[in-house]
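To start, the structure under review is shown below, and the notes come after it.
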Amino acid sequence: MAERRLGDALRGLPREEYVVSTKVGRLLVPTPQNAHEMDDAGFCVPADHRREWDFSRDGILRSVDASLELLGLDDVDILYLHDPDDHWAEASTAGIDTLLELREQGVTRAIGVGMNQSAMLTEFVRRYDLDVVMVAGRYTLLDRSASNDLLPLAFERGVGVVAAGVYNSGLLAQAQVPDDAHFDYGVAPRRLVDRARRLAELCARHGVALPDVAVQFSLRHPAVVGAVLGARDGAQASSGLERYRSSIPEELWAELEAVDYLQVRA
């Protein structure tokens, strides 16, 4: 659905004016018998397909072909292996080999891996000729764990890091942190809500809003080449751009670094 909508939006625009990435590693298998039901895995879509893990060469090629057809494109700029947490053996062999082949053929310009953890991403960077990795939720204003392993190695090897989930599933998305805020796709534990509120209070004392700082935080690291902001509609997309452009005082950055250092190691 996302690729079809994106393809419709891009149609007619000069190809050199945008960068498109997509992921491989899961195939959509038709389940028309369940079309009258809604998906039961967190997606707001009909259950007329099921997702099936497949990091084999054939699975990846089928996934790429389907993506290109939906997007209406002949190539994409970046291809990521998608969440291979439980599939290291196949993803790190057939998966990587197939991406290298597609890069050589010009089907994609860059290859990488996208995950919600930094440890396995670090191993991919250490062992293979990647261009970029996407790390979701592990390098944010609240959770900086990727700075311990992934970011230093990526910077050393010239691998770009795309920071996704910069709001940590919503916990950092509002100036006032609500009681029912989410973290990593579920209700946030009270200790994290309290910590986010302390960060919000610190931001407010400097006259800026927590989500503005959350958007810009990851981009300050030299290994990070981009941040991914989720958007429900056009208004949220516009607000994300405004947050990126907002002015953050240097004094706040220095204070945030000190606060986080004490909290992480307490």
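Listed values, structure above:
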quantity	calculated
Every residue from segment 190-213 that is surrounded by 12 or more Cβ atoms within 10 Å (Cβ to Cβ) and in a loop (DSSP other than H, G, I, E, B)	His206, Val208, Ala209
Yes/no for Pro32 being closer than 22 Å to Leu79 by Cα and either touching a helix residue (DSSP H, G or I) at 6+ places or on another chain (Cβ under 7 Å) or assigned by TED's automatic domain parsing to the domain that holds Thr93 (or both)	no
Residue in segment 169-185 that is in the same structural domain as Glu257 (by TED's automatic domain parsing) and assigned to a strand (DSSP E or B) present	yes
Residue check, Val19 touching a strand residue (DSSP E or B) at 6+ places or on another chain (Cβ under 7 Å), under 22 Å from Met134 (Cα atoms), surrounded by fewer than 16 Cβ atoms within 10 Å (Cβ to Cβ) and not assigned by TED's automatic domain parsing to the domain that holds Ala164	yes
Residue selected from segment 125-156 under the condition surrounded by fewer than 18 Cβ atoms within 10 Å (Cβ to Cβ) and among the polar types (S, T, N, Q), by the criterion farthest from Leu199 (Cα to Cα)	Asn148
Tabulated pairs, segment 131-150, first on the phi > 0 side of the Ramachandran plot, second surrounded by 22 or more Cβ atoms within 10 Å (Cβ to Cβ), C-beta under 6 angstrom, 6+ apart or interchain	Gly137/Gly165; Gly137/Asn168
Count - residues of segment 9-25 that are touching a residue at least 40 places away in the same chain (Cβ under 8 Å) and not polar (S, T, N, Q)	8
Members of segment 11-66 found to be assigned to a loop (DSSP other than H, G, I, E, B) and among the basic types (Lys, Arg), listed by number	Arg11
Of all residues in segment 67-86 being out of contact with any helix residue (DSSP H, G or I) (no Cβ under 8 Å at 6 or more places or on another chain) and not in a helix (DSSP H, G or I), the one that is surrounded by the fewest Cβ atoms within 10 Å (Cβ to Cβ)	Asp86
Residue under evaluation Leu130, criteria (1) assigned to a loop (DSSP other than H, G, I, E, B); (2) in the same structural domain as Ser147 (by TED's automatic domain parsing); (3) more than 18 Å from Ser21 (Cβ to Cβ), criterion not met	(3)
Tally, over segment 45-104, of residues that are closer than 22 Å to Arg15 by Cβ and of a type in the set (Ser, Thr, Tyr)	3
Output for segment 214-239, where each listed residue is of a type in the set (Val, Ile, Thr) and assigned to a helix (DSSP H, G or I)	Val215
Residue list for segment 220-243, restricted to those being among the aliphatic types (A, V, I, L, M) and touching a residue at least 40 places away in the same chain (Cβ under 8 Å)	Ala223, Val224, Val225, Ala227, Val228, Leu229
Enumeration of residues in segment 236-254 that are within 15 Å of Gly207 (Cα to Cα) and surrounded by 13 or more Cβ atoms within 10 Å (Cβ to Cβ)	Arg243, Ser246, Ile248, Leu252, Trp253
Qualifying residue in segment 41-54 (condition: farther than 22 Å from Ala136 by Cα, surrounded by 12 or more Cβ atoms within 10 Å (Cβ to Cβ), outside the structural domain of Val225 (by TED's automatic domain parsing) and in contact with a helix residue (DSSP H, G or I) (Cβ under 7 Å, 6 or more places away or on another chain))	yes
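The values are calculated or read from the model by the stated rules, or taken from the named source; none is laboratory data. Since the structure is predicted, the reported quantities are computational estimates derived from the model, not experimental observations. FYI the Cβ positions are ideal-geometry reconstructions off the backbone, even for glycines, and counts take in every protein chain you see.
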